[in-house]
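Following: one structure in structure tokens, then a few remarks.
The values are calculated or read from the model by the stated rules, or taken from the named source; none is laboratory data. These numbers come from a predicted model, not from an experiment. Methodologically, a virtual Cβ is constructed for each residue, glycine included, from the backbone with ideal geometry; neighbour enumeration extends over all protein chains shown. Just so you know, the surface numbers come from the protein's heavy atoms only, side chains and all, with ligands and any DNA or RNA stripped out. Shrake-Rupley method; radii C 1.70, N 1.55, O 1.52, S 1.80 Å.
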Amino acid sequence: MKIKILLFLSVLLLSYNSIFAQKYTINGYISDSETGELLIGANIFDPIRLVGTSTNVYGFFSLTLPADTFSLVFSYVGYSSQIIKVDLKRNKQIKISLKPSIVLEEVEISATQSERIEESTKMSTIKLPVEQIKELPALLGEVDVLKTIQLLPGVQSGTEGASGIYVRGGGPDQNLILLDGTPVYNASHLFGFFSVFNADAIKNVELIKGGFPARYGGRLSSVLDIRMKDGNMKKFHAEGSLGIIASKLTVEGPIIKDKTSFIVSARRTYMDIIAQPMIRLINGDEYTTQGYYFYDLNAKVNHKFNDKNRLYLSLYMGDDKFYSNTKPYQYLYDGVIYKEQANSGLKWGNLTSALRWNHQFNEKLFGNVTMTYSKYNFQVNNYKESIVINDTGTLSNIYSIDYLSGINDITGKIDFDFLPNPDHYIKFGFSNIYHTFHPGATTYKIQNSGTTNIDSFEGAKEIYANEIALYIEDDYKISSHLKANIGLHYSGFLLKKKYYHSLQPRLAMRYLFDGGWSAKASFASMQQYVHLLTNSTIGLPTDLWVPSTENVKPQKSYQTAVGIAKTIKKKIQFTVEGYYKKMDDLIEYKDGATFLSSETDWEKKIETGKGWSYGVEVFLQKKYGNTKGWIGYTWSKTDRQFENINFGEIFPYKYDRRHDISIALMQKIDELWDFSATWVYGTGNAVTLPTVRYLPFQQNNKYWWMDEIESFDEKNSFRMASYHRLDISFRRTVKKKWGKSIWTLGVYNAYNRKNPFYYYFGYDSRGNKALRRVSLFPFLPSVSYSFKF
């Protein structure tokens, strides 16, 4: 009996010691050994206990373990791993510097050194290495982040060559595009053919299509989180390129070594400069100049006060400008002197800025305070002045029209990361956005020295609103098989006396089976208080950002997804996901309404409706090795319904596509040459075409007028021809004493597929009415030169 009691007490004591064993926390930062750049999502793993964590967006990690001696593995894709022996007898802070590797490792330990895709609770999330984005073929040799995003399953482009993205049946305004945490409201250059993101200034790109963590809100369809480089802390470095349409230059380096760094990156097109002689020849005069250009500028300063405090200041500014200017000139005709001058233009652009302070409160709590300012403006102007001088005197005429729309935001945010133990990763925070909407205003001026003097203003006045958000989420390891990300997001929107609010539950779960397979499921509800009114089909920035009002409700969505995930042979990620999304209170222009239509109140130009989207996505990705790339396939269906559009019947969304296939391949041939190729296929877009044309009035076999009237049946009932295209490129990299010299030869649309841009009714060779197809980009070769030192 005494032996039994002693055994019981021994077991109880061991259990007590196990439960209440002393635990300590190891924390710190992981950075690039050559630049000092903090690494986002780097992995820390204990291969014996099979526990680990990863760095946040500022390179910080925290891992709490029992007092013991450990061999921890520190790893990041594209870098050589490190195994560090740690004697954990007290809380410890360390700094880890990982060395970039030329060929990404494919070693045995890569299977256990980091959290594989099947182990993560994340669903519908894809992270793209920036170097892969740079390696892929590009339109006219201009590397583009958004065009690479279009190659992913569940993401569709708008029209041929455009950089817009439509995610899981959503519209362009339903994507929350963040640059260093600041919203970018219009991410397009060159009427939509290029995006505003300069890949040379970017270090991290992550797309979330569903299963949204609670920290994100304000949009229905996706989050594209883009983080800028912080600047080289060790030494000065520069890279740049010369292309067919644009050149760019990036310079970074230490202001104070290992303490303060900067990065400046600039890009500009020179189409306007090259085209000037041809334009003058066509116009036949030396007074008129016309052109188009865009530019963008990224800048960032990063200052490290100490191991627990950092300050960042980042800035982006960019504009697109089309102009036509006629310098003052005069001429004499029939004894009368005429003087004239004119200018007109189209301009749009973004400005974003962020000031953030990181503070590590203790070994387990990390905080970030951010202030941001963003501005998007779209402007059209036209001015003409003429003067006539004759014997009777001088007569002057001035005519001008200016149209302006846009949105400005001032935001304050506080975010916290709390890591109490390896089973919990808690995030919580608060934000407030002060919106100023400019929903479209037109100013007219007409002055005539004879009889007229008009100065008028039409359009909506500025609108002010506050948008708040609170969130909390926990990435919780319930057991060795079951893990969940559970969160709540609360948002509110105050405009005048109207207050909308929403409590949005978020849940993502994974169950890990023996054999390395996992099943995943997620649910997310979202609410969006800002809306984009657009009826442009070719990327023109005629967009009006407008708020929810007493008459216009916020947009809402509910999305569920299920899927499976596995890492195949320790280096290929494989996922299959099915999703269903319901959207309410969507808005769209009424038939025939535009941003410049006579009705000044935008609320009277719109219809409110709902939408559905569901589909299946398959994704196979290899991120490292001599051969890299992915294969993606999407089957989807997207519909819309508005009471006064299409007779109230359900109709396909314009960018509803039944099938989408994308293949991206990157192959290292030898030390000098790399090859890359992409092939895409998509079901044609849905468009509306007239079904009947007739002459409106006839009397005695004679028509009073000859304009035909078109009659339409069902909306978006016609399918454009399917879209497919092959792009290829070869890249030759030569190491020099001063750095690297890189030549890139590329071909866009290699087999010259005449993909439809739009359709119209014209005439065939016999003079009969026929449906004609317009294609935009044929076989397009390109060459670019870039350098690094």
Can you confirm whether the stretch 339-357 contains a residue that is surrounded by fewer than 18 Cβ atoms within 10 Å (Cβ to Cβ) and free of Cβ contacts under 8 Å to residues at least 24 places away in the same chain? no
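Just wondering, is there one or more residues in the stretch 562-572 that are among the charged types (D, E, K, R), within 26 Å of the chain's Cα centre (by Cα) and buried (at least 17 other Cβ atoms within 10 Å of the Cβ)? Reasoning before the result, please.
In the first step, residues of the stretch 562-572 are kept if they are among the charged types (D, E, K, R); the result is 566, 569-571.
Among the residues that remain, those that are also within 26 Å of the chain's Cα centre (by Cα) are: none.
Checked against the condition, which is being among the charged types (D, E, K, R), within 26 Å of the chain's Cα centre (by Cα) and buried (at least 17 other Cβ atoms within 10 Å of the Cβ), the stretch 562-572 yields no hits at all.
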Return the pairs, sorted by first residue and then second, in which the second residue is β-branched (Val, Ile, Thr) and not in a strand (DSSP E or B), the first residue lies in the stretch 542-568 and is closer than 30 Å to residue 381 by Cβ, the beta carbons are less than 9 Å apart, and the residues are 6+ apart or on different chains. 542/534; 542/594; 543/534; 544/534; 546/552
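Going through the stretch 64-81 one residue at a time, which ones are crowded, with 17+ Cβ neighbours inside 10 Å and part of a strand (DSSP E or B)?
Result: 64, 65, 70, 72, 73, 74, 75, 79.
Given the structure, is residue 409 buried (at least 18 other Cβ atoms within 10 Å of the Cβ) and over 30 Å from residue 66 (Cα atoms)? Break it down into steps so the answer makes sense when it comes.
Working: buried (at least 18 other Cβ atoms within 10 Å of the Cβ): yes; over 30 Å from residue 66 (Cα atoms): yes.
When the stated conditions are applied, residue 409 passes them.
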Per the filter on the stretch 487-502, residues of a type in the set (A, V, I, L, M, F, W, C), surrounded by 17 or more Cβ atoms within 10 Å (Cβ to Cβ) and either closer than 30 Å to residue 119 by Cβ or at pLDDT 95 or above (or both) are 493
Exactly one condition in (1) open to solvent by less than 60 Å² (accessible area, probe 1.4 Å); (2) within 14 Å of residue 148 (Cα to Cα) is false for residue 651; which is it? (2)
Would it be correct to say that residue 377 is buried (at least 18 other Cβ atoms within 10 Å of the Cβ) and in a strand (DSSP E or B)? yes
Name the residues in the stretch 745-766 that are open to solvent by less than 50 Å² (accessible area, probe 1.4 Å) and of a type in the set (Gly, Ala, Ser), would you? 746, 750, 762
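With respect to residue 217, determine if the residue is more than 22 Å from the chain's Cα centre (by Cα) and touching a residue at least 12 places away in the same chain (Cβ under 8 Å).
No; evaluated as a whole, the condition is false for this residue.
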Going through the stretch 24-61 in order, the residues found to be closer than 26 Å to residue 257 by Cα, of a type in the set (S, T, N, Q) and in contact with an Asp or Glu (Cβ under 7 Å, 6 or more places away or on another chain) are 27, 31, 56
So for the stretch 187-207 (the condition being under 15 Å from the mean Cα position of the chain (by Cα), part of a loop (DSSP other than H, G, I, E, B) and under 22 Å from residue 682 (Cβ atoms)), does at least one residue qualify? yes
Condition first: open to solvent by 10 Å² or more (accessible area, probe 1.4 Å), at pLDDT 90 or above and among the hydroxyl-bearing types (Ser, Thr, Tyr). Can you find one or more residues in the stretch 526-536 that meet it? no
